[in-house]
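Right, one structure below, let's go through it.
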Amino acid sequence: MNKIKKIISKKNKTKIVSLTAYSKNVASILDNYCDIILVGDSLGSVLYNYKSTREVTLNTMIEHSKSVRMGIKKSLMIVDMPHNTYRNPKEALKNAKQIMKKTKCDGVKLEGGKKIYETVKTLIQNKIPVMGHLGLLPQSDKTFKFKGKNKLERNNILRDAQLLEKAGVFSIVLECVETSLAKLVTQSLNILTIGIGSSKYCDGQILVFDDLIGLNPTNYRFVKKYANIRNDISKAVLNYSKEVRKIKFPNKKNSY
Ligand code: KIV
């Protein structure tokens, strides 16, 4: 069974664990625990302080993905296609092929539904596995609010999820989708839903790693901080600075 079929076969059996990584060292730790590692274009805001992910370039995604690739042995590695790199099927295919070739990833992620149906189909027909992304869409939404508040929004998300499944995606990230809608979408599909801020009913969960370890100083409702790495780093750097100033570091052991 190939990697994609294998992961889909986990639906209704075991939850899918997924996190973002932007570099080799982090990816090599996550690889021990994750099913999917995503090189997310969230790196634009997390690492580069961009106002939105729209500023992220193809080259930036490729360079970070090359680093992440070196840290992964077993997890599925998916790379976000940045804004304006998949405006039509031809452009998407050219750029996705470049991502696949240069990063040796297992697939790409695109945001959107009906609008990108033909594009997604083209990628899949060319043997490029695709992960969809519905609900809150950071590359195109003006405001960041949860989705599924009204009937129209709910119907569109369900329709888009079914369309993406028909196009052949193996999974769909549901970002900030209201609980009962996330449940309905998950139950109505044979492929995987991976939730972020979209309840326990999704087939799996994803978080931005820097949020999970408390490195990224943000406070979103959907994030649970499993560590406070900022504190640990502060303590370590404080000790280092004290020792340098007191000429305790480097000592003989650290010298040649
Ligand atoms: O860019 C990203 O990191 C993402 C995840 C939050 C799903 O798309």
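The values are calculated or read from the model by the stated rules, or taken from the named source; none is laboratory data. On a predicted model such as this, the values are computed, not experimentally measured, just so you know. Here Cβ is always computed from backbone atoms with ideal geometry, including for glycine, and neighbour counts include all displayed protein chains.
Within region 218-246, the only residue that satisfies the criterion of being over 19 Å from Leu47 (Cβ atoms) and modelled with pLDDT under 95 is Arg221.
Residues that are within 15 Å of the ligand (Cβ to nearest atom) and among the hydrophobic types (A, V, I, L, M, F, W, C) within region 189-209 comprise Leu192, Ile194, Ile196, Cys202, Ile206, Leu207, Val208, Phe209, listed in sequence order.
Please find, among Lys66, Lys149, Lys142, Lys74, the residue that is in a helix (DSSP H, G or I) and charged (D, E, K, R).
Residue meeting the stated conditions: Lys66.
Looking only at residues of region 38-63 that are more than 14 Å from the ligand (Cβ to nearest atom) and not β-branched (Val, Ile, Thr), we find that the one that is modelled with the lowest pLDDT is Lys51. Identification of helices (runs of 4 or more DSSP H) wholly contained in region 1-61 with 2 or more residues that are among the polar types (S, T, N, Q) and farther than 19 Å from Phe144 by Cβ yields 24-30. Of all residues assigned to region 231-252, none qualifies as being away from the ligand (no atom under 16 Å from the Cβ), assigned to a loop (DSSP other than H, G, I, E, B) and under 18 Å from Leu19 (Cβ atoms).
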